[in-house]
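Read-outs throughout are calculated quantities, based only on the coordinates presented, and are distinct from any laboratory measurement. No experiment lies behind these values; they were computed from the predicted model shown. All Cβ positions, glycine included, derive from the backbone under ideal geometry; neighbour counts span all protein chains shown.
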Amino acid sequence: RYPMTNVGLVDKARTYEGKPTVDVPCGPLQPILQDVFLANQGEIHFFSLDVEGAESLVLNTIDFTGIFIHVMMIEVVNVHCKAKVDCQVRNDVRQLMKEAGYWRYSR
């Protein structure tokens, strides 16, 4: 019906395949976080990430030594990465967060 901008990366957000889309420029998140949170000494209290299967790609652009995020909520279960099924995106996200010194909490 109308072009969608929330389509994620090609081959990552399969829910939107075959639908009209609009290209939207993007780049690494780190410079934006630094600019926005510089006055707060690079501290973020809560960060939610849901980018339709590209979570590990976004997380790889963050320098966790320069930005301190107290609590992160990252989508790792969706229609393409179901719970209790091995999923590369989820494995990558969990490994990245572990290497950055974060602990995993789940229900």
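Just subtract the alpha-carbon distance of H70 and R104 from 0.36 nm times their residue separation and send over the number in nm, one decimal.
Stretched fully, the H70-R104 segment lengthens by 11.0 nm.
What are the ³J(HN,Hα) couplings of region 85-99, residue after residue, when phi is run through the Karplus curve with 6.51, -1.76, 1.60 and θ = phi - 60°? Round to Hz, x for glycine and proline.
Values per residue, Gly and Pro as x: 10, 4, 9, 4, 4, 4, 4, 5, 4, 4, 5, 4, 5, 5, 5 Hz.
Considering just Cα atoms, how many Å³ per residue does the convex hull of region 32-107 enclose?
On the way: hull volume 6.9 nm³, N = 76.
Spread over its residues, the Cα hull of region 32-107 gives 91 Å³ apiece.
Going by average Cβ neighbours within 10 Å, how do the peptides 82-92, 47-57 rank, with the highest at the top?
Values: 82-92: 12.5, 47-57: 17.5.
Result, highest mean Cβ count within 10 Å first: 47-57, 82-92.
Could you run the Karplus curve 6.51 cos²θ - 1.76 cosθ + 1.60 with θ = phi - 60° over region 59-64 and give me ³J(HN,Hα) per residue in whole Hz, x for Gly and Pro?
Residue by residue, region 59-64 yields 4, 5, 8, 9, 8, 6 Hz.
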